[in-house]
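Accompanying notes for the structure given below.
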Amino acid sequence: MLNTRSRSALTQLRTRLTSRFGARSALLALASTAAMGCERGDPNTCEYWTARIGITHKERTVIEKLGKMKCTTEAPALIEFYPKALYRTEITKTLEGFGNIDKTLRPKVMPVIRHALKDREASPLAAQIVKSWQLREAVPDVEELIRSYSNPSARENLVNTLLAFMKPQEIVETLVFLVGEDPTTQGIQVNQLAADKLKQIDWKAVKPEVRKDAIDRLIMALFMVDAQGQTSYQAAREALGAIGPEAGPALVQALDGKHDRLTQTAETYGIPRWQHRDGPELVEVLWDVGNKDSAVAVINSMARAGNRMPPEVALLPPEKQQRWSDTNSNRMVMGSFILAFLRNDDVIPKAKDILLRPQPWVHQFMHTGNALALMGTTASRTALFDIFDLLGQRKNVLNQANLMTAMTLALTPDLLPRYEAVAITEPTDEALKAATQELRDAAKDALPYSYYLTVKNCGADPACYVKLLEAEKGKLEGLRNAISDAIGAVEKSNIEYGDKVKPLREEFQEKSKKLDELRPIVTSEEMKASKDKAQQEAFEKARVEYNAIIERMEVIQKDRSALNEQITKGPRDALLAIQNRFYGLEKAVITLASIDGVDHDTLYPLVVDLFKESSPTSYLQFRQWAFVYIERFATPARKQLLTDLQKTESMNPMAQYFSLRLSHLLKRLDRT
């Protein structure tokens, strides 16, 4: 007979069973349970507990006992009972133990694994079993679950389950799906992981339609961001670089604002239009993939002004407005470098249009000019000088002066006479001389003047430029320190000059004040024409004093100039000499990238060595120009040099930009 406590337990069990299995099944189970008090058997045997599967209110105890006793022969009974069980996770765990003991049971457990994968509570354990047992027959189920939207937060665990025993190539379509999904539901780390694995894919072995989908989704992933501001940009960029030129057309569409999927993604996730069109991201990736047909799209992108703030940006906080400004500036920088690599003369008409605008945006103007210079083709260099002449015809001396650095960057021996005519030689006509003085002043700045002197001294002789590079090998740190010391000496001489010139300056100021007092008298036509003797005497006295002061002020100016020459000329000349060496390195390497007759087999290792030796902070511009050379003349035969250089750069935290550029250069070489 059942006591009062047992009846209470049965009442509770009836409620649970009725809700789960229906009234009839519940009554049968209760009848069996009531009879248990009369059943006998040995609880130390598997049979004892197997007989109680599904007929006891201690279901969990039965499952755990079977597991602890390693009753592998009873696995079929547990598998059969699983759909009706309350404690499915416990059954899954017990069956995992059985499968670890007897591997032949694993195929039989698959129905349970499939069911458990779809159960929120049991799914993590089921995924762990798939991973531990490397159940390839479960892969379709896991991939289906990844693609479902029932539990996107589980995707990270599920994809890691597959990657534990499968190569990315085998699940490429799943990875492509994940890389373009919403990071706010699945987590940005899933987008990052998928993109990171996609860069390992052999894309030639992937179906064309999957490649196309991958390109589109990776472009979307470039701009994915979560609530904390984390992005999948870097990993997506590297994956697109691994795909190569095939990604070029879609990237060009995105840069032109004609990539429908990116536009829809941006609208869905609230990504501002300026963020995916006006930033440097798409331009950088076009550089990575090396698609030479993209040059026109890049120059069209550079033609979009970045100094007119859109209304939606004007409403943002100052820090986001600054971000907008920075992204536009970076687009110009990246644009000039990719055009230097692509060397496509089709960009010249649009570049001309930009440079001839009456009031161009300064970053746009400067980097467009640099792009033509760095391209280094005969047409691009000549176009730059032609544009300079057109600006002169329009009497736009300011823009001519602003173009001076780009002109000296483009300067080669054949263009030397044209440059000297406008920047060095003084016109005999005084009016023209005065009108163009600003150009000659700009040409005297340290950088353009050093670039000019380098070409003036070396002419068309490649060996001369090579000697400039060889002369500094092993000395770059000393050169940097010498520049620092020379700047310090100039500053010290300026202080000394300031102290010694102080009495002259104070006297000059006093004389100037006195002139101001006398000027109304000596310029008075009334006093000059007066017949009054007293006024005549006052006028004459003022005139004599005025002229004497002017003469004294002229003497003071000469004394000041002489004192300045005496104290500061030596330090300034020393600094200029050091700067000529410093900037001469830059001009030598970029000139050797453009002129004929260069032995690149000999030169290439020298440039790589100097690149390694140069500091990413102190020699940034030299490195940028040197990288133009390194990229332009990279060949499979020089791959080992580049591999070693990339390894060196990757170990320097300050050189990650160049490390990444070298990485993509090596990938392009692998595709050739």
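The values are calculated or read from the model by the stated rules, or taken from the named source; none is laboratory data. Here the structure is a predicted model, which is why all the values come from computation and not from measurement. Note: ideal-geometry Cβ built from the backbone for every residue, glycine included; neighbour counts use all protein chains shown. Side chains are part of the model used for accessible areas, which takes the heavy atoms of the whole protein and leaves out ligands, DNA and RNA. Shrake-Rupley method; radii C 1.70, N 1.55, O 1.52, S 1.80 Å.
I'm told residue 579 meets every condition in (1) over 26 Å from the mean Cα position of the chain (by Cα); (2) at pLDDT 95 or above except one. Can you identify the failing condition by its number?
That leaves (2) as the condition not met.
May I ask you to verify whether residue 234 is closer than 23 Å to residue 280 by Cα, part of a helix (DSSP H, G or I) and open to solvent by 70 Å² or more (accessible area, probe 1.4 Å)?
When the stated conditions are applied, residue 234 passes them.
In the set 460, 406, which member is closer than 20 Å to residue 586 by Cβ and open to solvent by less than 20 Å² (accessible area, probe 1.4 Å)?
406
Would a scan of the range 628-638 turn up a residue that is among the hydroxyl-bearing types (Ser, Thr, Tyr), over 24 Å from residue 406 (Cα atoms) and in a helix (DSSP H, G or I)?
No, there is no match, as no residue in the range 628-638 is among the hydroxyl-bearing types (Ser, Thr, Tyr), over 24 Å from residue 406 (Cα atoms) and in a helix (DSSP H, G or I).
Scan the range 332-348 and give yes if some residue there is touching a Pro at 6+ places or on another chain (Cβ under 6 Å) and assigned to a helix (DSSP H, G or I), otherwise no.
Yes - at least one qualifying residue is present in the range 332-348.
Among the residues of the range 612-625, which ones are in contact (Cβ under 8 Å) with a residue 40 or more places away in the chain, open to solvent by 10 Å² or more (accessible area, probe 1.4 Å), over 16 Å from residue 665 (Cα atoms) and in contact with a helix residue (DSSP H, G or I) (Cβ under 6 Å, 6 or more places away or on another chain)?
Hits for the range 612-625 are 613, 616, 618.
In the range 511-536, which residues are part of a helix (DSSP H, G or I) and either at pLDDT 95 or above or farther than 17 Å from residue 550 by Cα (or both)?
Once the filter is applied, which keeps residues that are part of a helix (DSSP H, G or I) and either at pLDDT 95 or above or farther than 17 Å from residue 550 by Cα (or both), the range 511-536 yields 525, 526, 527, 528, 529, 533, 534, 535, 536.
If you take just the helices (runs of 4 or more DSSP H) that sit entirely in the range 431-483, which of them hold at least 1 residues that are of a type in the set (Ser, Thr, Tyr) and closer than 19 Å to residue 415 by Cα?
Where helices (runs of 4 or more DSSP H) fall fully within the range 431-483 and carry at least 1 residues being of a type in the set (Ser, Thr, Tyr) and closer than 19 Å to residue 415 by Cα, they are 446-458, 462-472.
What residue, among those in the range 420-431 that are of a type in the set (D, E, K, R) and surrounded by 10 or more Cβ atoms within 10 Å (Cβ to Cβ), is modelled with the highest pLDDT?
Filtering the range 420-431 for residues that are of a type in the set (D, E, K, R) and surrounded by 10 or more Cβ atoms within 10 Å (Cβ to Cβ), the one modelled with the highest pLDDT comes out as 420.
Could you list, in sequence order, the residues of the range 366-382 that are open to solvent by 10 Å² or more (accessible area, probe 1.4 Å) and more than 22 Å from the chain's Cα centre (by Cα)?
Within the range 366-382, 377, 378, 379, 381, 382 meet the criteria.
When you go through 471, 434 one by one, which is the residue that is at pLDDT below 95 and either open to solvent by 30 Å² or more (accessible area, probe 1.4 Å) or polar (S, T, N, Q) (or both)?
434 is the lone residue from the list that is at pLDDT below 95 and either open to solvent by 30 Å² or more (accessible area, probe 1.4 Å) or polar (S, T, N, Q) (or both).
Looking at (1) among the small types (Gly, Ala, Ser); (2) open to solvent by 50 Å² or more (accessible area, probe 1.4 Å); (3) outside any helix (DSSP H, G or I), can you tell me which one residue 594 breaks?
(2)
Select from the range 391-409 the residues that are assigned to a helix (DSSP H, G or I) and over 23 Å from residue 298 (Cβ atoms) and list them in ascending order.
Within the range 391-409, 391, 392, 393, 397, 398, 400, 401, 404, 408 meet the criteria.
Sort out which residues of the range 641-659 are open to solvent by 30 Å² or more (accessible area, probe 1.4 Å), of a type outside the set (Val, Ile, Thr) and assigned to a helix (DSSP H, G or I), and write them in order of number.
641, 644, 646, 647, 650, 653, 654, 656, 657
Scan 609, 599 and give me the residue that is of a type in the set (Asp, Glu), in contact (Cβ under 8 Å) with a residue 40 or more places away in the chain, out of contact with any Phe, Trp or Tyr (no Cβ under 9 Å at 6 or more places or on another chain) and open to solvent by 60 Å² or more (accessible area, probe 1.4 Å).
None of the others qualify; the one that does is 599.
Under 20 Å from the mean Cα position of the chain (by Cα), among the charged types (D, E, K, R) and open to solvent by 20 Å² or more (accessible area, probe 1.4 Å): which single residue out of 212, 197 fits that description?
197
Output the qualifying pairs, or none if there are none: Cβ atoms under 9 angstrom, residues six or more apart or on different chains, first residue in the range 626-645 and without any contact (Cβ under 8 Å) to a residue 40 or more places away in the chain, second residue open to solvent by 60 Å² or more (accessible area, probe 1.4 Å) and not aliphatic (A, V, I, L, M).
Pairs found: 635/672; 636/670; 636/672; 637/601; 638/601; 639/670; 644/612; 645/612.
Note down all Cβ pairs under 8 Å where the first residue falls in the range 53-80 and is over 10 Å from residue 94 (Cα atoms) and in a helix (DSSP H, G or I), the second is basic (Lys, Arg) and open to solvent by less than 40 Å² (accessible area, probe 1.4 Å), and they're at least six residues apart or on different chains.
62/52
Please enumerate the residues belonging to the range 626-640 that are hydroxyl-bearing (Ser, Thr, Tyr) and open to solvent by 10 Å² or more (accessible area, probe 1.4 Å).
Within the range 626-640, just 635 meets the criteria.
Filter the range 488-532 down to residues that are under 48 Å from the mean Cα position of the chain (by Cα) and open to solvent by less than 40 Å² (accessible area, probe 1.4 Å) and give me whichever is nearest to residue 542 (Cα to Cα).
498
Looking at (1) without any contact (Cβ under 8 Å) to a residue 12 or more places away in the chain; (2) in contact with an Asp or Glu (Cβ under 7 Å, 6 or more places away or on another chain); (3) among the acidic types (Asp, Glu), find the lone condition where residue 144 falls short.
(2)
For the range 294-323, which positions are within 17 Å of residue 257 (Cα to Cα) and either modelled with pLDDT of 85 or more or of a type in the set (Ser, Thr, Tyr) (or both)?
294, 295, 296, 297, 298, 299, 300, 301, 302, 303, 304
Applying the selection to the range 395-423, what residues are touching a Phe, Trp or Tyr at 6+ places or on another chain (Cβ under 8 Å) and basic (Lys, Arg)?
418
Quick one: which residue in 577, 542 is open to solvent by less than 80 Å² (accessible area, probe 1.4 Å), within 30 Å of residue 450 (Cβ to Cβ) and of a type in the set (Gly, Ala, Ser)?
Step by step, each of 577, 542 is checked, and only 577 is open to solvent by less than 80 Å² (accessible area, probe 1.4 Å), within 30 Å of residue 450 (Cβ to Cβ) and of a type in the set (Gly, Ala, Ser).
Taking the options 374, 384, name whichever one is at pLDDT 95 or above, over 17 Å from residue 621 (Cβ atoms) and part of a helix (DSSP H, G or I).
384
Do we have residue 369 as out of contact with any Gly (no Cβ under 9 Å at 6 or more places or on another chain) and over 26 Å from residue 444 (Cα atoms) here?
no
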